[in-house]
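Engineer: Take this structure, written in structure tokens, and hold onto it; I'll ask about it next.
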Amino acid sequence: MRIGCHVSIAGGVEKSVHRAKKLGINTMQIFSKNSRTWQEKTYCKSEIFNFQEVLRKTDIYPIFIHASYLINLASPEEKIHSRSIEAFLEEMKRADQLLANTGTPFLIVHPGAHRGAGEVYGLERIIKAFQIILKESFALKLSAMVLLENTSGMGSSLGYNFSQLSYIMERVGYKDKIGICFDTCHAFAAGYNLAEERGIEDTLTEMDRIIGLDRLKVIHLNDSKHYLNSRKDRHTHIGEGFIGLEGFRILINHRLVKDLPFILETPKKSDEDDRRNISIVRELRK
Ligand SMILES: [Zn+2]
Ligand SMILES: [Zn+2]
């Protein structure tokens, strides 16, 4: 199985590969810059070369880049909206620079939060943003693919159900440039009951009917600190939350998703936390 976790790029992006090797994982997620500032990062040739050289000698793929948390493509404020579009385009360029010759560069992003302007308005803002972004990315011949991540619906965040994600994807177009990243904690908090076999079956069937499972590229495996439909986005260790071991056992062995890459974003005080969560997931695999 392809199992990995979010890995730090502290000290340089190629360090993430060394960290992943030490953890013994065969897929991973990284940020391509400090995710909590607007400060952009431009990679020089040697940084890209070193990263790709180290990576080439490993069996780690695919690699996912998670976009900065500051980006809000649904923002009703003109300034933040246009800044988010610009920052996202920079994310796409970096994804291409780092990953274009390793396969499709995947860039994961939360659709956005309307901040009180209303869901209909927020969805229009997101659609408009992606139309601008993908038009530009097409013109620049970038190969990166955007993966919309489902959210918990906390606050005014959009994309908490399959209909909203599908609506955005349909309206934006560029079908082969937008896919889905499915986060188990977010889905559970948004009311998809992944703790039970029936709920898992219903969730996957619904995702297939509304979005199409061919567009699902990765699963974020996180247990939920809060109850079903709590709308609270708090990740916890696998088996220690309300989804529980049985839910994860059924999901990761499910015929419809078992061959997808799984990425953990569970809490981390030290590497030991990642090691433990990864080994728990491996043991759940039949
Ligand atoms: Zn995310
Ligand atoms: Zn996630």
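The values are calculated or read from the model by the stated rules, or taken from the named source; none is laboratory data. This is a predicted model, so every value here is computed, not measured. Ideal geometry is used to build each Cβ from the backbone, glycine not excepted, and the neighbour counts take in all protein chains shown.
Engineer: Considering the stretch 1-33 alone, what residues qualify as being outside any helix (DSSP H, G or I), touching a strand residue (DSSP E or B) at 6+ places or on another chain (Cβ under 7 Å), within 14 Å of L98 (Cα to Cα) and small (G, A, S)?
Structural biologist: The one that is outside any helix (DSSP H, G or I), touching a strand residue (DSSP E or B) at 6+ places or on another chain (Cβ under 7 Å), within 14 Å of L98 (Cα to Cα) and small (G, A, S): S32.
Engineer: In the stretch 88-118, what count of residues is obtained for those that are within 30 Å of F262 (Cβ to Cβ) and either touching a helix residue (DSSP H, G or I) at 6+ places or on another chain (Cβ under 8 Å) or within 16 Å of ligand 1 (Cβ to nearest atom) (or both)?
Structural biologist: Number satisfying all stated conditions: 18.
Engineer: Here is a further query. State which residue pairs qualify: first residue on the phi > 0 side of the Ramachandran plot and inside the stretch 242-267, second residue more than 16 Å from ligand 1 (Cβ to nearest atom) in any location, beta carbons under 6 Å apart, and separation of 6 or more residues or different chains.
Structural biologist: Pairs that qualify, where the first residue is on the phi > 0 side of the Ramachandran plot and the partner is more than 16 Å from ligand 1 (Cβ to nearest atom), are G244/A195.
Engineer: With L251, L213, L256 as the choices, which residue is farther than 21 Å from L158 by Cα, within 18 Å of the chain's Cα centre (by Cα), at pLDDT 95 or above and more than 16 Å from ligand 1 (Cβ to nearest atom)?
Structural biologist: Unique residue meeting the criteria: L251.
Engineer: For I278, only one of the following conditions fails: (1) of a type outside the set (G, A, S); (2) buried (at least 23 other Cβ atoms within 10 Å of the Cβ); (3) in contact with a Cys (Cβ under 7 Å, 6 or more places away or on another chain); (4) in a helix (DSSP H, G or I). What is its number?
Structural biologist: (2)
Engineer: Related question: Please specify each residue of the stretch 84-95 satisfying the condition of being in contact (Cβ under 8 Å) with a residue 24 or more places away in the chain and out of contact with any Phe, Trp or Tyr (no Cβ under 7 Å at 6 or more places or on another chain).
Structural biologist: Passing the criteria: S84, I85, F88, L89, E90, E91, M92, K93, A95.
Engineer: Tell me, which residue of the stretch 204-225 that is free of Cβ contacts under 8 Å to residues at least 60 places away in the same chain and under 27 Å from D274 (Cα atoms) is nearest to ligand 2 (Cβ to nearest atom)?
Structural biologist: Among them, the one singled out is N222.
Engineer: Tally up the residues in the stretch 169-192 that are away from ligand 1 (no atom under 16 Å from the Cβ), within 19 Å of H114 (Cα to Cα) and crowded, with 18+ Cβ neighbours inside 10 Å, please.
Structural biologist: Qualifying residue count, the stretch 169-192: 2.
Engineer: For the stretch 67-86, enumerate the residues that are surrounded by fewer than 24 Cβ atoms within 10 Å (Cβ to Cβ), over 17 Å from the mean Cα position of the chain (by Cα) and among the hydrophobic types (A, V, I, L, M, F, W, C).
Structural biologist: Residues satisfying the conditions are I80, I85.
Engineer: Only one residue in S279, S270 is modelled with pLDDT under 95, closer than 17 Å to V7 by Cα and away from ligand 2 (no atom under 16 Å from the Cβ), so which one is that?
Structural biologist: Answer to the selection: S270.
Engineer: While we're on this one: Report yes if some residue within the stretch 239-252 is among the basic types (K, R), under 28 Å from Y61 (Cβ atoms) and touching a helix residue (DSSP H, G or I) at 6+ places or on another chain (Cβ under 8 Å); otherwise report no.
Structural biologist: Yes; the residues of the stretch 239-252 include at least one that is among the basic types (K, R), under 28 Å from Y61 (Cβ atoms) and touching a helix residue (DSSP H, G or I) at 6+ places or on another chain (Cβ under 8 Å).
Engineer: For the stretch 236-259, which positions are in contact with a Lys or Arg (Cβ under 7 Å, 6 or more places away or on another chain) and either surrounded by 15 or more Cβ atoms within 10 Å (Cβ to Cβ) or assigned to a helix (DSSP H, G or I) (or both)?
Structural biologist: Within the stretch 236-259, T236, G241, I252 meet the criteria.
Engineer: Considering only the stretch 186-201, how many residues are within 16 Å of ligand 2 (Cβ to nearest atom), of a type in the set (A, V, I, L, M, F, W, C) and part of a helix (DSSP H, G or I)?
Structural biologist: Selection size over the stretch 186-201: 3.
Engineer: Determine whether F162 is within 14 Å of ligand 2 (Cβ to nearest atom), modelled with pLDDT of 95 or more and of a type in the set (F, W, Y).
Structural biologist: The answer is no for F162.
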